[in-house]
Amino acid sequence: MQYAKIVHRLDGAGYKAWDVHGKAKEMLARGVDVILLTIGDPDVATPGPIVDAAVASLHKGRTHYTPSLGEMSLRSAIAAYHTSLSGQTVTSANVAVVAGAQCGLFATAMCLLEAGDEVILFEPVYSTYEPVIGATGATPVHVKLRPELGFHFDPADLAAAITPRTRAILLNTPNNPTGAMLSPEELEAIAEVSTRHDLWLITDEVYSNFAYARPHLSPVTIPALHERTVVISSLSKSYAMTGWRLGWIIAPPTLIPYIGNMLACMLFGQPPFIQDAAFYALTQGETEAEQMRSTYRARRDLVCATLQNAGSICCHAPEGGMYVLVDVSRTGMGGYEFGHRLLQEAHVGLLPGEAFGPSLNHYLRLSLTAPDDQLVEACQRIQHFANSLVQ
Ligand code: PMP
């Protein structure tokens with residue numbers, strides 16, 4: 001039997017590097033003392049009051065269909081939350097509720113892009129972006145994030161990547177995996193290019209709660225960009241709610257009904273009890289989100305203090321987000337080989353940088369999703385293993 005060509009475009013080039021994660025999970029299941037720092041899934045539980053809100057909602061019988069774009073009360077709460085974060089005034093008419101940011105990216109891409117279009121992606125690039133763009137038939141075009149610039153881009157590189165086919169720029173701030181946060185200079189370059197060439201800006205801000213170096217900066221802080229910007233975010237990281245699958249799209253009101261049709265085909269509405277929990281999180285969960293931020297900031301400081309200049313390896317201190325990039329180039333090994341051997345020999349699971357593109361061939365991504373004592377133990381094991389390679 002034959003499959004549609006899309007099945008090949010959905011197969012991300014970086015997916016192979018995830019086999020370290022699969023192996024680490026297998027070892028854990030066998031009882032091996034693996035410290036698992038591969039995936040960006042918070043180790044902390046979803047805050048109790050949010051869980052209680054969902055349970056109370058279930059008991060109230062909130063278990064039926066809901067509107068494709070989300071319930072009006074939640075759309076309004078998301079609009080208010082977005083306004084408080086960004087300063088952009090929006091209403092429920094700008095909001096679509098989706099099953100996590102990933103679903104938001106897919107629905108947005110399907111409504112904005114098609115075969116023949118080019119989309120600017122910044123490389124290293126989050127693993128699912130290329131398959132999402134590929135699904136639409138559009139072609140990804142890479143602009144390098146330069147390690148020597150702290151994984152920021154050179155505006156000249158962005159300008160050089162634009163062609164008459166360019167239709168959109170997809171950015172992620174704070175960035176997974178680099179931790180770089182969009183700077184005012186980068187935003188200025190993006191604003192200039194997108195306005196001059198009439199481009200969409202799709203901005204993935206799932207890590208906006210984790211801004212350490214300076215306040216989070218979104219393209220929508222520039223009013224002239226509102227008509228061309230789609231912001232995508234979710235509760236996954238900021239409230240430790242990855243499994244609840246609750247995210248949103250903030251877009252010009254003309255785009256929202258098209259997204260609604262797409263969601264009617266994909267989802268047919270999000271579970272009402274999850275929407276009630278989300279409403280609680282966004283209207284009353286500020287303390288929990290703040291707590292989450294300070295936890296990750298402290299973990300980032302702890303790991304970076306240990307690995308920054310650890311002899312045979314070093315790390316890149318992230319400006320935001322939940323990850324630290326570990327540079328293993330001095331060991332002479334690539335991230336993939338280092339990751340597999342580290343897992344087998346030292347029982348620490350890190351994600352090879354190859355998952356995010358060729359620029360990170362000599363890096364691994366360490367996810368800050370373990371308590372302090374485990375992170376310290378993991379850093380010691382990584383250092384010990386790396387030093388054994390260069391003796
Ligand atoms: N974008 C980025 C950059 C991510 O890192 C992730 C999750 N790892 C997602 C989107 C998907 O998030 P969600 O759980 O909200 O679908």
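The values are calculated or read from the model by the stated rules, or taken from the named source; none is laboratory data. Predicted model only: the values in this text are computed from it and were never measured. Cβ atoms come from the backbone with ideal geometry, glycine included; neighbour counts cover every protein chain shown. For the accessible areas, the whole protein counts, side chains as well, though only heavy atoms, and no ligand, DNA or RNA atoms are used. Shrake-Rupley method; radii C 1.70, N 1.55, O 1.52, S 1.80 Å.
General remarks:
- Residues being closer than 20 Å to TYR363 by Cβ and polar (S, T, N, Q) - total across segment 142-192: 5
- Residue that is least open to solvent (accessible area, probe 1.4 Å) [pool: residues in segment 92-109 that are touching a Ser or Thr at 6+ places or on another chain (Cβ under 6 Å) and more than 8 Å from the ligand (Cβ to nearest atom)]: ALA109
- Any hit, segment 19-33, residues being in contact with a strand residue (DSSP E or B) (Cβ under 8 Å, 6 or more places away or on another chain), outside any helix (DSSP H, G or I) and hydrophobic (A, V, I, L, M, F, W, C): no
- Residues of segment 40-66 satisfying the condition of being more than 16 Å from the ligand (Cβ to nearest atom), assigned to a loop (DSSP other than H, G, I, E, B) and buried (at least 16 other Cβ atoms within 10 Å of the Cβ): PRO47, ARG62, THR66
- When GLY269 is tested against (1) part of a helix (DSSP H, G or I); (2) open to solvent by 10 Å² or more (accessible area, probe 1.4 Å); (3) closer than 20 Å to ILE232 by Cα, just one condition goes unmet, and that condition is (1).
- Identity of the residue in segment 236-255, surrounded by fewer than 20 Cβ atoms within 10 Å (Cβ to Cβ) and assigned to a helix (DSSP H, G or I), that ends up farthest from the ligand (Cβ to nearest atom): GLY243
The rows are residues; the columns are (1) in contact with a helix residue (DSSP H, G or I) (Cβ under 8 Å, 6 or more places away or on another chain); (2) crowded, with 23+ Cβ neighbours inside 10 Å.
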residue: SER294; (1), (2): no, no
residue: THR306; (1), (2): yes, no
residue: TYR323; (1), (2): no, yes
residue: MET333; (1), (2): yes, no
residue: GLY349; (1), (2): yes, yes
residue: PRO358; (1), (2): no, no
residue: ASN361; (1), (2): yes, no
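- Yes/no for ALA96 being within 17 Å of VAL230 (Cα to Cα) and assigned to a helix (DSSP H, G or I): no
- Elements of the type strands (runs of 3 or more DSSP E) sitting completely within segment 139-216 and holding at least 1 residues that are crowded, with 24+ Cβ neighbours inside 10 Å and within 16 Å of the ligand (Cβ to nearest atom): these cover 166-172, 200-204.
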